[in-house]
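These notes concern the structure reproduced below.
The values are calculated or read from the model by the stated rules, or taken from the named source; none is laboratory data. None of the values given here were measured: they were computed from a predicted structure. Backbone-built Cβ (ideal geometry, glycine too); neighbour counts: all protein chains shown. These accessible areas exclude ligands, DNA and RNA; they are computed on the full protein's heavy atoms, side chains included. Shrake-Rupley method; radii C 1.70, N 1.55, O 1.52, S 1.80 Å.
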Amino acid sequence: MDPRPQFAARDDSLFLPIVTIALAAGIFVADTVTDSEIAASVLYVAVVLLSVRFMEKRGVILVSFVCVALTVISYFITNTGFTPTGLINTAISILAVLITTYLALQIEAVKTLAAALVQTDLLRDALIGSVSHELRTPLASILGGASILAEMPMVTKDPRLASLAKGIRDEAMQLNNDIQNLLDAARITSQGLHSNRDWTDPADIINSAIERTHLRHPNHQIDLDLIGDLPLLQVDPVLVEQALSQIIANAAKYSSDASTIRITAKVENTQLTISIADQGVGLTGEEKERLAERFFRGPRHIGKVAGSGLGMWIANTFIMSSGGKLNALSPGEGLGTIIQIVFPISHQSDKDATAIQED
């Protein structure tokens, strides 16, 4: 047993309303007994706001009721007759107290809900990050083993074994990509995104993204057209490459293997525009508007095409962190999609890039 003396805790649920009501009573006395001219209604509103800061909902309602009651009593004490002016002032004072109480309680309710949602998001992101991190190690072993197995002569000679090994490898690569998306999402929401910008050749970023995507989608033909001399960009090359890889992979996922993905890069109107065009399922009006939303997936794809709804949100976040903008264009369903990545270019940027190259 704890030998230290035990002290009874003060019950703030009663103490704070009593103190606040006493303050309201002081205002009432000053308004009715003394000859001082005070704006009692304003002070009653201040008392209600003070109670919202320190008390729960029922305590605030009690204080508000007392303030209204004191306002009514004050009217009968200070007015010998029912004058229109006194009645109107009293009504206005009562309305001010009631409206203030209602609005203040609504604001507090919204703040409480927002805090709960933030806490829920933090817990979810922490859980996602922890689970995803723990899955990376065994998945790497599975992916490595499946890749080696798929290249073994005994397996390549047997069509059934080759198809099975390829299926395991492809699914493991898809799962690895989904886990990476979850980790990126957790990192963005919990720690924020820090962009490490450097002068980078956009052609190098595009070629690296194509090479990375080709490993996951070897059957797709990707045509690249770099129009004119592309200036250096001051961006985070790692994040932009990941974003571009995600967009190209998305184009491959939502189009047939026999189709072609066309990537173009050109400078126009002091902007560098990278376009990724596919011949796939296209976009509806809702999908174009909400493509970069977190966890959004078109209803027509749910249950038919694997995905988490994070890829384009992550790509858009990575692009924006380097000062770029992502646009989605599509004539409609079944007519393909064009995703544009736009980075601004200035004459000062060209001068700085030239100076870096000379150094």
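Label-to-label distance, Leu62 versus Arg160, with points set 7 angstrom from Cα along the beta-carbon direction: 7.9 nm.
Counting Lys and Arg as +1 and Asp and Glu as -1 over every other residue whose Cβ lies under 13 Å from the Cβ of Gly282, the net charge comes to -2. Spacing of the modelled spin labels on Glu268 and Thr85, each 7 Å from Cα toward Cβ, amounts to 7.3 nm.
To put it simply, the accessible area of segment 251-331 at a 1.4 Å probe is 51 percent carbon and sulfur.
The protection proxy used here, the mean number of other Cβ atoms lying within 10 Å of each residue, ranks peptides 240-253, 101-114, 304-317 as follows, highest first: 240-253, 304-317, 101-114.
Close amide H pairs (under 5 Å, H built 1.01 Å from N) link Gln271 with Ile345, residues at least 5 positions away or on another chain. Relative to the 2.2 N^0.38 Å rule of thumb, segment 201-291 has a C-alpha radius of gyration ratio of 1.11. Spin-label model, Arg197 to Lys325: label points 7 Å out along the Cα-to-beta-carbon direction sit 1.6 nm apart. Between Ala25 and Leu226, what is the FRET efficiency for a Förster distance of 56 Å, r being their Cβ-Cβ separation, to the nearest 0.05? Between Ala25 and Leu226 the formula returns 0.10.
In terms of its alpha-carbon gyration tensor, segment 54-110 comes out oblate; a/c meets the 1.5 threshold, while b/c is at least as large as a/b.
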